[in-house]
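Asker: Once you've had a glance at the structure underneath, I'll fire off some questions.
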Amino acid sequence: MSDAVDVIIGQWVKERPDAAEDLWPVELFARIQRLARVVDKSAKATAAAHGVEHGEFDVLTTLQRSGPPYALTAGAFLKASMVTSGAITNRIDKMEAKGLVERVRESDDRRTVKIRLTARGHEVTRVAFADHLANYAQLLAGVDRGLVEKTAQGLRQVLEALGDTTVK
C-alpha cells in the first residue's frame, strides 16, 4: 500500500537520486503535516457546529480542563494552551461577547485579570467536547487501535527528542 507521501518521495528520488538517502525525514514529517490538515479540517467543522471557532474551542477546553474555578491568568493560559499571545486578546474579546468567558480581576491585585469560563461556556464545552471526541473516534474508526497507540507512543518519543516536553 502506498500513499501521497510515497509518491512525493518517488518523485524526488527520480528527480534527485543524489538526495534519496536524505529523504527519510520526509517519511514522518510529510505524513504528520498531511494528517494535521485532515484532523484540523474535521475539528474546525465540529467546533463550527457549536457556534465557535476552533481556536475558541481550544480556549474553552483549556479552561475546562484547568479545573475549578475554571479561570486562568493570561500568562498561565498561554502556557497551558496552543494559542499565541498575539491571538489571545482578540479571541477572548470575541468569546466574551458570545458569553462564553468573562474577565475577572483579582480582589488583591486589580492588575491581575483572569479569564473564566461562564455557565454558558461550560455548557458549550460539555456538548462540543463530546462531539469532538466522537469526531476523533470516527476519524480513526478504520485504524487498528494498537497501531494508534504505537504511533502515539512513537510520536511522543519524537516530540521529547525535539524538546517538546511537559508544560508546567
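Asker: Compute, for the chain, the length of the dipole vector about the Cα centre, with Cβ point charges of +1 (Lys, Arg) and -1 (Asp, Glu) only. Units Debye, rounded to 20.
Answerer: 720 debye
Asker: Moving to a separate point now. Would you mind working out the accessible area per residue for the chain, using a 1.4 Å probe, and quoting it in Å²?
Answerer: Solvent-accessible surface per residue comes out at 69 Å².
Asker: Okay, next question. Tally Lys/Arg at +1 and Asp/Glu at -1 over every other residue whose Cβ is under 14 Å from the Cβ of Y70; what's the total?
Answerer: Cβ neighbours under 14 Å give a net charge of +4.
Asker: Next question, about the same structure. Can you give me the % of accessible surface on the chain that is carbon or sulfur? Probe 1.4 Å, all protein chains present, nothing else counted. Kindly include the intermediate steps, with their values, before the conclusion.
Answerer: Values: 6520 of 11550 Å².
Ligands and nucleic acids excluded, carbon and sulfur give 56 percent.
Asker: Using Cα-Cα distances under 8 Å and only pairs 6 or more residues apart, what relative contact order does the chain have, in percent?
Answerer: 19 percent
Asker: Tell me the trypsin sites (Lys or Arg not before Pro) within the range 85-129 that lie in a loop according to DSSP and have at most 13 other beta-carbon atoms within 10 Å. Show your work: numbers first, answer last.
Answerer: Values: sites: R91, K94, K98, R103, R105, R110, R111, K114, R116, R120, R126; in loops: K98, R110, R111.
Listed in order of number, the matching sites are R110, R111.
Asker: Report, in listed order, any pair from K114/K150; K44/K114; K14/K41; K14/K44 with a Cα-Cα distance greater than 28 Å.
Answerer: From the list (K114/K150; K44/K114; K14/K41; K14/K44), the Cα-Cα distance tops 28 Å for K114/K150; K14/K41; K14/K44.
Asker: Would you please give the FRET efficiency between R156 and Y136, computed as 1/(1 + (r/R0)^6) with r the Cβ-Cβ distance and R0 = 22 Å, to the nearest 0.05? Mind showing how you got there, number by number?
Answerer: Working: r = 17 Å, r/R0 = 0.78.
Computed FRET efficiency for R156 and Y136: 0.80.
Asker: To continue, here is another question. What list of ³J(HN,Hα) values in whole Hz, one per residue of the range 137-152 in order, does the Karplus curve 6.51 cos²θ - 1.76 cosθ + 1.60 (θ = phi - 60°) give from phi, with Gly and Pro shown as x?
Answerer: The phi angles translate into 4, 5, 4, 9, 4, x, 10, 4, 4, x, 5, 4, 5, 5, 5, 4 Hz.
Asker: Using +1 at the Cβ of each Lys and Arg and -1 at the Cβ of each Asp and Glu in the chain, identify which of T46, P25, T118 lies farthest towards the dipole's positive end.
Answerer: The Cα lying farthest towards the positive end belongs to T118.
Asker: Using only the alpha-carbon atoms of the range 22-136, report the extent along each of the three principal axes, biggest first, to the nearest angstrom.
Answerer: 57, 31, 23
Asker: Please list 3J(HN,Hα) in residue order for the range 97-103, calculated via the Karplus relation 6.51 cos²θ - 1.76 cosθ + 1.60 where θ = phi - 60°; whole Hz, with x for glycine and proline.
Answerer: Computed from phi, the couplings for the range 97-103 are 5, 7, x, 8, 9, 9, 8 Hz.
Asker: Apply the Kirkwood formula to the range 68-159: the hydrodynamic radius equals the inverse of the mean of 1/r over all pairs of different alpha-carbon atoms; give it in Å with one decimal.
Answerer: About 15.9 Å, per the Kirkwood formula over Cα pairs.
Asker: Relative to the present Cα-Cα distance, how much length would full extension add between R103 and S2 at 0.36 nm per residue of separation? Intermediate values should be presented prior to the final figure.
Answerer: Working: separation 101, 0.36 × 101 = 36.36 nm, distance 5.04 nm.
Taking 0.36 nm per residue and subtracting the Cα distance, the gain is 31.3 nm.
Asker: Something else now. Subtract the Cα-Cα distance of T165 and E96 from 0.36 nm times their separation in residues, and report this length gain in nm to one decimal.
Answerer: Value of the extension gain: 21.7 nm.
Asker: While we're here: Cα gyration tensor of the range 114-159, axes a ≥ b ≥ c as square roots of the eigenvalues: rounded (a/c below 1.5), prolate (a/b > b/c) or oblate?
Answerer: In terms of gyration-tensor shape, oblate.
The values are calculated or read from the model by the stated rules, or taken from the named source; none is laboratory data. Given the structure is predicted, the values throughout are model-derived calculations rather than measurements. Using ideal geometry, Cβ is built from the backbone for each residue, glycine included, and neighbour counts are taken over all protein chains shown. Note: areas computed on protein heavy atoms with side chains; ligands, DNA, RNA excluded. Shrake-Rupley method; radii C 1.70, N 1.55, O 1.52, S 1.80 Å.
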